[in-house]
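Scroll down for the structure; my scribbles are underneath it.
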Amino acid sequence: MVQTWNLQGKLICGTTDQGSNMKSAMLTYGATDNIHWIPCASHRIQLCINKGVERTPAAKAIVEKCRSTSTLFRNSSVAMDINNRLQDRMLGKRCKFLTTNVTRWNSEYDMASRVLLLKDTIRESHNSLVSGSREAKAKGAELGRYLLDEEEGLALKEIIDLLKPIAAFTHWAGSLDRSTTSQMYHRVFSLFSELEPPDSAAAHDLRVQLDNLIQEYFPIKDIPDVVLIAIYLNPACVALKMLDSLRTADGTPLRAKALNLTLAALEKFKEEKARQNAPPPQPQNTQEASFTIVRGMNSFQLEALGTLSNYASTIANDPDNFLKYKDSPQAFWIKMQQERGFQDLADLARSYLCIQATSAESERLFSKAGLILSPLRTRLSDTNFSNLLFARSFYKLKKLDII
C-alpha cells in the first residue's frame, strides 16, 4: 500500500486498532522505515470499559440485567406492543431498546441509558404482562427476573454517569476537524475529574477498575514520541502546562523530552528542506566537504533552538491568550507564520497536529466503500472505485476547511 500510493519516506506514524495483524504490520514496517505506531484511543478506552465491567461483579450483574431486558423487548412482539403503548402515554414518544455489540463503541452506555430512560414503562409493562395471556405471563415472569430494585436503579444511574464522559471522549476523538492526538492524554486522565465520588458500591468499584485500566492502557511514561511533539506544538497544551509535572521512566521531565524531540524533528525538517533546495554540489576536497557538513549541522541546530525558544517565550508571556487555540492550533500557526515568519516550524506543526488519535475515519471509509461497491455495481473498475472514494474524502475535508 505504501508503495502503491508512493508514500515512502513521507510517513511519520500510523494510527490503527488493537488487532494483532494491524499492530504487527505497523511494528514490522515501522522498524524498517522509522514509523511510529499509535494505538487507536477509542479502541483502547472501549477495552477499559469491557474489562472494567467484567472485573466488577456488582456492575456486571446490573449491566447484564439491562442487556437481558433490552433483548426480551427486542425479541417479543407482545412485550414490545405493550411497552410502545405505555411510551405513547407516559413519554409522548417512542424509543427503541438497544443492544450491545463489542465492535460498536459506547454500545453499553447507549443500551444502559435507554433502559434507565424507559424504566417506568418497563415496570408497567411487567404489570401488564403478568395479568395477560399465557404467552404474556411467561414473558412477564422472565422480565420479573431482570427488573432492577431501587438500590440497583441508583447504581445504574451512577454507572451511566461514569460511562458518559467516556462516550463524549470517544465522539471527540473520532472527529476529523480537531487535533485530537495532542490533547488525548490530557482528556483521558481528566475524564472523571468533574464527577462526585459514587455512593453505590457497584459504581465505586467500577470507577476504581476504570482508573486502573486507563493507567494501564494509557501509560504516561510511554507516550509515543510523535504524540509528545504534537503536544508541544499545540500552544494551548503548552499554556496549560500539561507536561510540566510528568516524568519519563528514567525521571526526565516530559516537557524537556518533548522539547528535545521537537528540536530534533525541526533540525531534520530544515536539513531536508535545505537539501531539496540546494544547488547541485560542486567538486571539493574531502577536508572542505567535512567542514561544510559540520558547520551546516551546527547552523541548523542553532536556528531550530532559537525558533523554539521564541515559540515558548511567546506563550509564556501571555498563556491565557493561547487557550482559545486548544481545538484549532492550526489557526495559531497560520497567524504565527504570517506575523513572525515561523515558516518551517509552522509546516512542521501542521505535520504533527494532523495526526488522529483514532482510526475512526479509516473505518468510516471502509463502511462507505462497502456501500459504493454494492452487488448492483460489480462491474465498477478499480480505478473508478478508488476515484469515488478519493472524491468523497476530498469533499469532506474541503467542507471542514481542512484543505
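The values are calculated or read from the model by the stated rules, or taken from the named source; none is laboratory data. Quick caveat, the model's predicted, so the values are computed rather than measured. In this analysis, Cβ positions are derived from the backbone assuming ideal geometry, glycine residues included, and neighbour counts consider all displayed protein chains.
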TODO: Go through (1) modelled with pLDDT of 70 or more; (2) outside any loop (DSSP other than H, G, I, E, B); (3) farther than 20 Å from Pro224 by Cβ and name the single condition Lys257 misses.
DONE: (3)
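Within segment 182-202, take every residue that is hydrophobic (A, V, I, L, M, F, W, C) and under 17 Å from Ala236 (Cα atoms) and give me the one that is surrounded by the fewest Cβ atoms within 10 Å (Cβ to Cβ). Write out each step before concluding.
Filtering segment 182-202 down to residues hydrophobic (A, V, I, L, M, F, W, C) leaves 184, 188-189, 191-192, 195, 201-202.
Subsequent filtering for residues that are under 17 Å from Ala236 (Cα atoms) retains 184, 188-189.
Working: Met184: 26, Val188: 21, Phe189: 16.
Applying the filter and picking the extreme gives Phe189.
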Open item on the list: Can you tell me which condition Pro39 does not meet? The list is (1) on the phi > 0 side of the Ramachandran plot; (2) in contact (Cβ under 8 Å) with a residue 12 or more places away in the chain, and all the others hold.
Closed with: (1)
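Per-residue answers, yes or no, for (1) out of contact with any helix residue (DSSP H, G or I) (no Cβ under 7 Å at 6 or more places or on another chain); (2) β-branched (Val, Ile, Thr); (3) at pLDDT 95 or above; (4) under 30 Å from Leu195 (Cβ atoms):
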{"residue": "Asn84", "(1), (2), (3), (4)": "yes, no, yes, no"}
{"residue": "Arg94", "(1), (2), (3), (4)": "no, no, no, no"}
{"residue": "Asn101", "(1), (2), (3), (4)": "no, no, no, yes"}
{"residue": "Val115", "(1), (2), (3), (4)": "no, yes, yes, yes"}
{"residue": "Arg134", "(1), (2), (3), (4)": "yes, no, no, no"}
{"residue": "Ala155", "(1), (2), (3), (4)": "no, no, yes, yes"}
{"residue": "Glu158", "(1), (2), (3), (4)": "no, no, yes, yes"}
- [ ] Could you list, in sequence order, all residues of segment 216-226 that are in a helix (DSSP H, G or I) and under 19 Å from Thr252 (Cα atoms)?
- [x] Ile220, Lys221, Asp222, Asp225, Val226
Task: Subset tally (residues that are under 32 Å from the mean Cα position of the chain (by Cα), assigned to a helix (DSSP H, G or I) and farther than 14 Å from Gly153 by Cα) for segment 85-122 - done: 5
Task: Members of segment 1-20 found to be among the polar types (S, T, N, Q), touching a residue at least 12 places away in the same chain (Cβ under 8 Å) and in a loop (DSSP other than H, G, I, E, B), listed by number - done: Gln8, Gln18
Task: Residues satisfying the stated conditions in segment 21-59, i.e. within 23 Å of Asp225 (Cα to Cα), over 17 Å from the mean Cα position of the chain (by Cα), part of a helix (DSSP H, G or I) and of a type in the set (Val, Ile, Thr) - done: Thr28, Thr32
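Which of the following residues is touching a Ser or Thr at 6+ places or on another chain (Cβ under 7 Å), buried (at least 16 other Cβ atoms within 10 Å of the Cβ) and not in a loop (DSSP other than H, G, I, E, B): Leu213, Leu206?
Among Leu213, Leu206, only Leu206 is touching a Ser or Thr at 6+ places or on another chain (Cβ under 7 Å), buried (at least 16 other Cβ atoms within 10 Å of the Cβ) and not in a loop (DSSP other than H, G, I, E, B).
Yes or no: Ile231 closer than 24 Å to Ile12 by Cα, among the aliphatic types (A, V, I, L, M) and out of contact with any His (no Cβ under 9 Å at 6 or more places or on another chain)? So that I can check it myself, show each step before the final result.
Details: closer than 24 Å to Ile12 by Cα: yes; among the aliphatic types (A, V, I, L, M): yes; out of contact with any His (no Cβ under 9 Å at 6 or more places or on another chain): no.
So Ile231 does not fit the description; no.
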- [ ] Scan segment 72-107 for residues that are over 21 Å from Arg134 (Cβ atoms) and among the β-branched types (Val, Ile, Thr) and report the count.
- [x] 4
TODO: Could you tell me whether segment 50-62 includes any residue that is in contact with a helix residue (DSSP H, G or I) (Cβ under 8 Å, 6 or more places away or on another chain), surrounded by 19 or more Cβ atoms within 10 Å (Cβ to Cβ), among the hydrophobic types (A, V, I, L, M, F, W, C) and not assigned by TED's automatic domain parsing to the domain that holds Asp149?
DONE: no
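Among the candidates Arg364, Arg340, single out the residue that is surrounded by 13 or more Cβ atoms within 10 Å (Cβ to Cβ) and within 24 Å of the chain's Cα centre (by Cα). Spell out the reasoning first.
Values: Arg340 fails: within 24 Å of the chain's Cα centre (by Cα).
Going through Arg364, Arg340 in turn, the sole match is Arg364.
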Open item on the list: Considering only segment 380-397, I want to know if a residue exists there that is among the charged types (D, E, K, R), at pLDDT 85 or above and out of contact with any Phe, Trp or Tyr (no Cβ under 6 Å at 6 or more places or on another chain).
Closed with: yes
Task: Matching option when the condition is in the same structural domain as Ser309 (by TED's automatic domain parsing) and closer than 23 Å to Ala41 by Cα, among Asp327, Asp347, Asp320 - done: Asp327
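Return the residues of segment 201-243 that are of a type outside the set (Asp, Glu), more than 25 Å from Leu263 (Cβ to Cβ) and out of contact with any Cys (no Cβ under 7 Å at 6 or more places or on another chain); say none if nothing qualifies. Outline the logic, then answer.
First pass over segment 201-243, keeping only residues of a type outside the set (Asp, Glu): 201-204, 206-210, 212-215, 217-221, 223-224, 226-243.
From the residues that got through so far, the ones that are more than 25 Å from Leu263 (Cβ to Cβ) too are 201-204, 206-210, 212-215, 217-218.
Listed by number, the residues that qualify are Ala201, Ala202, Ala203, His204, Leu206, Arg207, Val208, Gln209, Asn212, Gln215, Phe218.
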TODO: Name every residue in segment 352-373 that is at pLDDT 85 or above and of a type in the set (Ser, Thr, Tyr), in order of residue number.
DONE: Tyr352, Thr358, Ser359, Ser367
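So which residues in segment 365-383 are in a helix (DSSP H, G or I) and touching a helix residue (DSSP H, G or I) at 6+ places or on another chain (Cβ under 9 Å)? Spell out how you get there, then give the answer.
Taking segment 365-383 first, the residues in a helix (DSSP H, G or I) are 365-372, 375-377, 382-383.
Correct list: Leu365, Lys368, Ala369, Ile372, Arg377.
Yes/no per residue for (1) under 29 Å from Leu191 (Cα atoms); (2) in contact with a strand residue (DSSP E or B) (Cβ under 7 Å, 6 or more places away or on another chain):
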| site | (1), (2) |
| --- | --- |
| Trp5 | no, no |
| Lys10 | no, no |
| Gln18 | yes, yes |
| Trp37 | yes, yes |
| Cys40 | yes, yes |
| Leu47 | yes, no |
| Val78 | no, no |
| Arg85 | no, no |
